[in-house]
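Chemist: Just passing along the structure, written as structure tokens.
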Amino acid sequence: MKNRQVTTLVTGANSGMGKATAMDFAKSKAKVIMLCRNKQKGEAAQKDIIQESGNQDVHLHLCDFSKLDDVRQVGRIINEEYDFLDVVVNNAAIITTRRQETAEGYELQFGVNHLAPFLLTNLLLEKLKASAPARIINVSSGAHSFGKIDFSDLQTLNKRYRTFKVYGQSKLANILFTNELVRRLEGTGVTANSLHPGAVSTNLGIDRETGFGKTIVSMLKPFFKTPEKGAETAIYLATSPEVEGVTGKYFINKKPVETKGATKDEEVAKELWRISDELVGLNREEIVDSWGRFV
Ligand SMILES: NC(=O)c1ccc[n+]([C@@H]2O[C@H](COP(=O)([O-])OP(=O)(O)OC[C@H]3O[C@@H](n4cnc5c(N)ncnc54)[C@H](OP(=O)(O)O)[C@@H]3O)[C@@H](O)[C@H]2O)c1
């Protein structure tokens, strides 16, 4: 329990579990920073959250995760405009059925689901450490078990584009990123955990441009959790005293669960970090400079 207001950040806060998480934080009187890519949808969600929670301290920043310059820019703004950062929920993600690329030419699911939160989190680390105890929550998925980190073809250029393999790779990357982050954060008071929310009825899998996938998602709705139920584990990890100091774990239904195979491989996690660092152009100067002195 801190004797000041807690500052929380949620990515993809306009929809599904991100919105439910931001709503919960707002209701608990935290300061809420919402990162969204679409101004109209972001403002509509911000309005809903302020109205329902009665908390005016809910702030919207636009950031498209398929553009690393947007991520750098929002990292700089957050470091400049907010005194503290106690919780980061890396929630935004996509599933795509065909190969597309980010502004930098990286495969879209790898870029949005892994590289963008990798960069954002690194840019915010000094602020988190200065606010410690602080918590990072990475929303992964059980789909990580379909994935393999294919270092010979991380961008899925040379093999058939199999949606769930590519999505699975990005969600496995979330867990490996969490594990390596934990090693690097030892002794700082900043914890990092990942989670699978279950099967949840959200907009995931619906093509935002064509609406493709809408019918199947609405057919599955009665069998899936609501976004509010789905967000419970992320909220638990962000707020519960029960997990104070707990780090490096993967949770399902608010319980730590053993992961297998590639998730445990320290060498894979280290190599993924090294390559991600190269791909996003991260370096020590940039992290330090990003804290108010970014050029
Ligand atoms: N739903 C499930 O059954 C399930 C299962 C396992 C794991 N998950 C994980 O749960 C998390 C939340 O997903 P959800 O189910 O709540 O899906 P959702 O309703 O589709 O929400 C995804 C959020 O990510 C945002 N986003 C997508 N592309 C982006 C980009 N380029 N830049 C910035 N934001 C972007 C979306 O913004 P727009 O609205 O503007 O597109 C939206 O706010 C994801 O990490 C997902 O992998 C979900």
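The values are calculated or read from the model by the stated rules, or taken from the named source; none is laboratory data. Remember, predicted model here, so these are calculated numbers, not experimental data. Reconstructed Cβ throughout: ideal geometry from the backbone, glycine too, with neighbour counts over all protein chains shown. Calculation scope for accessible area: heavy atoms of the full protein, side chains included, ligands and nucleic acids excluded. Shrake-Rupley method; radii C 1.70, N 1.55, O 1.52, S 1.80 Å.
Chemist: Treat each spin label as a single point 7 Å out from the Cα along the C-beta direction, and report the Arg99 to Asn253 distance in nm.
Modeler: Each label point lies 7 Å from its Cα, and together they span 3.9 nm.
Chemist: Determine ³J(HN,Hα), in whole Hz, for all residues of segment 137-153 in sequence, where each value follows from phi through the Karplus function 6.51 cos²θ - 1.76 cosθ + 1.60 and θ = phi - 60°; x replaces Gly and Pro.
Modeler: Working through the residues one at a time gives 10, 9, 7, 9, 6, x, 5, 4, 6, 7, x, 9, 7, 9, 4, 7, 7 Hz.
Chemist: So, taking all protein chains as they sit and a 1.4 Å probe, how much accessible area belongs to Tyr236, in Å² rounded to tens?
Modeler: Counting only protein heavy atoms, the figure is 40 Å².
Chemist: What number, rounded to the nearest 500 deg cm²/dmol, is the helix-based mean residue ellipticity at 222 nm of the chain, given -39500 (n - 2.57) per DSSP H run of at least four residues and division by all its residues? Kindly include the intermediate steps, with their values, before the conclusion.
Modeler: Details: 10 runs with 119 residues, N = 295.
So the helix-based figure for the chain works out to -12500 deg cm²/dmol.
Chemist: On alpha carbon coordinates alone, what is the Rg over Rh value for the chain, Rh being the Kirkwood radius? Kindly include the intermediate steps, with their values, before the conclusion.
Modeler: Numbers: Rg = 17.7 Å, Rh = 19.0 Å.
Looking at the chain, the ratio lands at 0.93.
Chemist: State the extension gain, in nm to one decimal, for the chain segment bounded by Met1 and Phe223, taking 0.36 nm per residue of separation less the distance between their alpha-carbons. Show your work: numbers first, answer last.
Modeler: Numbers: separation 222, 0.36 × 222 = 79.92 nm, distance 3.69 nm.
That works out to 76.2 nm of additional length.
Chemist: Based on DSSP loop calls and a cut-off of at most 12 other Cβ atoms within 10 Å, the longest stretch of the chain free of exposed GluC sites (Glu not before Pro) is what?
Modeler: Numbers: sites that count: Glu186, Glu209, Glu244, Glu258.
Here the longest segment lacking exposed loop sites spans 1-185.
Chemist: Something else: Taking Cα centroids, how far is segment 144-198 from segment 75-114 in Å?
Modeler: Each part's Cα centre sits 14 Å from the other's.
Chemist: Given a 1.4 Å probe and heavy atoms of the protein chains only, how would you sort Ile50, Ile149, Ile216, largest accessible area at the top? Don't skip to the answer; put the middle values down first.
Modeler: Values: Ile50 40, Ile149 15, Ile216 95 Å².
Ranked list, largest accessible area first: Ile216, Ile50, Ile149.
Chemist: How would Lys148, Lys129 rank on accessible area, largest to smallest, probe 1.4 Å? Kindly include the intermediate steps, with their values, before the conclusion.
Modeler: Working: Lys148 135, Lys129 70 Å².
Descending accessible area places them as Lys148, Lys129.
Chemist: Protein chains only, probe 1.4 Å: how do Val89, Val182 rank by accessible area, largest first? Can you show the working numbers first?
Modeler: Working: Val89 0, Val182 35 Å².
Putting Val89, Val182 in descending order of accessible area: Val182, Val89.
Chemist: Just tell me which lysines come within less than 23 Å, Cα to Cα, of Lys31; anything on the same chain fewer than 8 places away is out.
Modeler: Straight-line reach from Lys31, under 23 Å: Lys2, Lys19, Lys39, Lys41, Lys47, Lys127, Lys129, Lys229.
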